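K.L.:
Encoded as structure tokens, here's the structure I'll be asking about.
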Amino acid sequence: MKIPSGVNTIIKTLYNNGFEGFLVGGCVRDSIINRIPNDYDVTTNALPEDIIRIFEKTIPTGIKHGTVTVLLNKEPFEVTTYRIDGEYLNNRSPEEVTFVTNIKEDLARRDFTINAMAYNDEKGLVDFFNGRDDLKNKIIRCVGDADKRFNEDALRMLRAIRFCTQLDFEIEEKTLAAITNNSHLIKNISVERVADELNKCLLCNKPSKAFLLLEKTGLLKYILPDLQETVGFDQHTKYHNKDVFMHTLCVVDKVNPILHLRLAALLHDISKPECFFIGKDNAGHFYGHDKKGAVKSTSILRKLHYDNDTVKKVHILIKEHMNVLKDPTDAALKRLINRTSKELVFDLLNLMKSDILSCAPPFLALDNVAVMTKRITKILNSNEPLSSNDLKINGNDLIKELGMKPGKEIGEILKYLLNKTLEDPKLNKRETLLELSKQYNK
């Protein structure tokens, strides 16, 4: 295993001072399967006070749980004392930890066998729980009793599904059964921790694998109850060959791996069940599900404490995802760009395309999206006015040149001028716009 020089220095320094030091957890797992680790964690039988004494620059980042951050050339490395955990509080974290001198005891407290391996150049791979075999066989398996592991920290259930999805592994039978049996415990986990795992699942190559497991194990109804309502929901239309849930997952897999776009895909049809009715044509209809879905998505994401920028982008994408235009005017496309933004409009087009490809063939509306993409690209490259900020005059000009008073009417005039220039970009000249403003006043 290739060990970065900084980590190697830490391990050698620990040994030179009479202690052990091992790389542990995810970095060992990733190195074995030829993935580049995100970070390198070191575990040791040295106590926190020993670590602080041995190394010149340290930060007691998690000293209560035995973790000290060692700084080497300003680069941080977490070094943690071997420990066993005491009683867990509310299925989240241990009330206290006890430091131990045996690395096997430390590895035994970890979540999955593939994360319970350690390594250094002197001892080689330390693997008491057959993690390497599980890596080889592509299996996610709890260390020891799965029910106990999930009762200790219920987030581990989501982590199992996330690792299964990221690595394209399968969850071992007893571990999967334990997730199902303990799924209700996820209610004790903070929404921030849940959302973080959801995000990692959504950015995998095939997020649908995670959400199928969430539904199978019963976790989905606690995390995203509105999405649970789409499971098995027959759309009763020739335009769809999947229920709402399976259609949704198909769209999520197809859109580009950008978080706000994947979230929009996940929630784009969230209001279909409440909007559904059978029309006179004996077919299913969902009028208004885009607008209602945009509002509902905002509520869902806010409950999960997503940031305002992400919530806003998802809202816009869902609200506009049905606006696939056939033979649109340039003005209509400019209004679409204006409603979404220059940055977001291509994400919208990607969502539209993925939505169509996840319906029943033939995918006739794909041609419309292709035309929209081509013409929107041309419009953006032309630098034609798209918003009030692009007009050659502003509110101050109306006040100064026309003697108007600040107020609502100025905004109405600027909106009127923008609509005119969207229809005819040649009108975007100062003198012309002032003249149009005078006519509006009349």
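The values are calculated or read from the model by the stated rules, or taken from the named source; none is laboratory data. Predicted model only: the values in this text are computed from it and were never measured. Reconstructed Cβ throughout: ideal geometry from the backbone, glycine too, with neighbour counts over all protein chains shown. In case anyone asks, the SASA skips ligands and DNA or RNA and just uses the protein heavy atoms, side chains included. Shrake-Rupley method; radii C 1.70, N 1.55, O 1.52, S 1.80 Å.
K.L.:
What are the ³J(HN,Hα) couplings of region 238-255, residue after residue, when phi is run through the Karplus curve with 6.51, -1.76, 1.60 and θ = phi - 60°? Round to Hz, x for glycine and proline.
P.N.:
Computed from phi, the couplings for region 238-255 are 5, 7, 10, 10, 9, 6, 4, 5, 5, 4, 4, 5, 5, 5, 4, 5, 7, 6 Hz.
K.L.:
Related question: Once amide H atoms are built 1.01 Å from N in the peptide plane, which residues 5 or more positions from residue 129, or in another chain, come under 5 Å H to H?
P.N.:
Counting only residues 5 or more places away or on other chains, the set is empty.
K.L.:
For the pairs 312/334; 209/334; 136/200; 216/296, note any where the Cα-Cα span goes beyond 31 Å. Each step should come with its number before you reach the end.
P.N.:
Working: 312/334 20 Å; 209/334 38 Å; 136/200 23 Å; 216/296 24 Å.
Over 31 Å apart, Cα to Cα: 209/334.
K.L.:
Full-extension gain between residue 438 and residue 366, please, as 0.36 nm times their residue separation minus the C-alpha to C-alpha distance. Working shown, then result.
P.N.:
Details: separation 72, 0.36 × 72 = 25.92 nm, distance 4.40 nm.
Contour length minus Cα-Cα distance gives 21.5 nm.
K.L.:
Determine the principal axes of the Cα atoms in the chain, then give the extent along each, sorted from largest to smallest and rounded to whole angstroms.
P.N.:
For the chain, the Cα extents along the three principal axes come out at 90, 58, 36 Å.
K.L.:
Once phi is turned into θ = phi - 60°, what whole-Hz ³J(HN,Hα) does the Karplus curve with 6.51, -1.76 and 1.60 give for every residue of region 113-123, x standing for Gly and Pro?
P.N.:
Here the 3J(HN,Hα) series is 4, 6, 9, 10, 10, 10, 8, 8, 5, 6, 9 Hz.
K.L.:
Say the dipole of the chain comes from +1 at the beta carbon of Lys and Arg and -1 at that of Asp and Glu; which of 276, 199, 227 then lies farthest toward its positive end?
P.N.:
Ranked along the dipole, the leading option is 276.
K.L.:
Restricting to Cα pairs below 8 Å that are 6+ residues apart, what does the relative contact order work out to for region 109-209? Please round to a whole percent.
P.N.:
Relative contact order comes out at 25 percent.
K.L.:
Placing unit charges on C-beta atoms (Lys and Arg positive, Asp and Glu negative, everything else neutral), compute the dipole magnitude of region 317-414 about its Cα centre in debye, rounded to 20. Mind showing how you got there, number by number?
P.N.:
On the way: 14 positive and 13 negative charges, 2 e Å.
Charge dipole of region 317-414: 20 debye, to the nearest 20.
K.L.:
Once the dipole of region 331-411 is set up with Lys and Arg at +1 and Asp and Glu at -1 on Cβ about the Cα centre, which of 371, 388, 406 lies farthest towards its positive end?
P.N.:
Final value for the positive-end residue is 406.
K.L.:
Under 8 Å for C-alpha pairs, at least 6 residues apart: give me the relative contact order for region 359-442, rounded to a whole percent. All intermediate terms of the calculation are to be shown ahead of the outcome.
P.N.:
Details: 47 pairs, mean separation 25.3, N = 84.
It comes to 30 percent, rounded to a whole number.
K.L.:
Stretch residue 389-residue 339 to full length: gain in nm at 0.36 nm per residue minus the Cα-Cα span?
P.N.:
On the way: separation 50, 0.36 × 50 = 18.00 nm, distance 1.38 nm.
Length gained, residue 389 through residue 339: 16.6 nm.
K.L.:
Kindly sort 352, 246 by accessible area of their heavy atoms, largest first, with the probe set to 1.4 Å. Write down the numbers at each step before the final one.
P.N.:
Working: 352 5, 246 75 Å².
Listed by decreasing accessible area, they come as 246, 352.
K.L.:
Sticking with this one: Which value, in debye to the nearest 20, gives the size of the charge dipole of region 370-442 about its Cα centre, when Lys and Arg are +1 and Asp and Glu are -1 at the Cβ?
P.N.:
Numbers: 14 positive and 10 negative charges, 23 e Å.
Here the size comes out at about 120 debye.
K.L.:
Kindly provide the helix-only [θ] at 222 nm of the chain, computed as the sum of -39,500 (n - 2.57) over DSSP H runs of four or more divided by all residues, to the nearest 500 deg cm²/dmol?
P.N.:
Result for the chain: -15000 deg cm²/dmol, rounded to the nearest 500.
K.L.:
Set the Förster radius R0 to 25 Å, insert the Cβ-Cβ distance between residue 170 and residue 242 as r into 1/(1 + (r/R0)^6), and round the FRET efficiency to 0.05.
P.N.:
Values: r = 24 Å, r/R0 = 0.95.
E(calc), rounded to 0.05, equals 0.60.
K.L.:
Another one. With point charges of +1 on the Cβ of Lys and Arg and -1 on the Cβ of Asp and Glu, referenced to the Cα centre of the chain, which listed residue (316, 182, 214) lies farthest in the positive direction of the dipole?
P.N.:
Ranked along the dipole, the leading option is 316.
K.L.:
While we're looking at this one, here's another question. Quick one: angle between helix 330-340 and the longest Cα principal axis of the chain, in degrees between 0 and 90, rounded to 10, please.
P.N.:
The answer is roughly 40 degrees.
K.L.:
Region 177-224 to region 266-322: how many Å between their Cα centroids?
P.N.:
21
K.L.:
Rounded to the nearest 20 Debye, what is the dipole magnitude of region 237-286 about its Cα centre when Lys and Arg each give +1 and Asp and Glu each give -1 at the C-beta? It would help to have the intermediate numbers written out before the result.
P.N.:
Working: 6 positive and 5 negative charges, 22 e Å.
Charge dipole of region 237-286: 100 debye, to the nearest 20.
K.L.:
Next up: From the phi angles alone, apply the Karplus equation (6.51, -1.76, 1.60; θ = phi - 60°) to region 194-200 and give each ³J(HN,Hα) in whole Hz, x where the residue is Gly or Pro.
P.N.:
Going residue by residue, I get 5, 4, 4, 5, 4, 4, 5 Hz, with x marking Gly and Pro.
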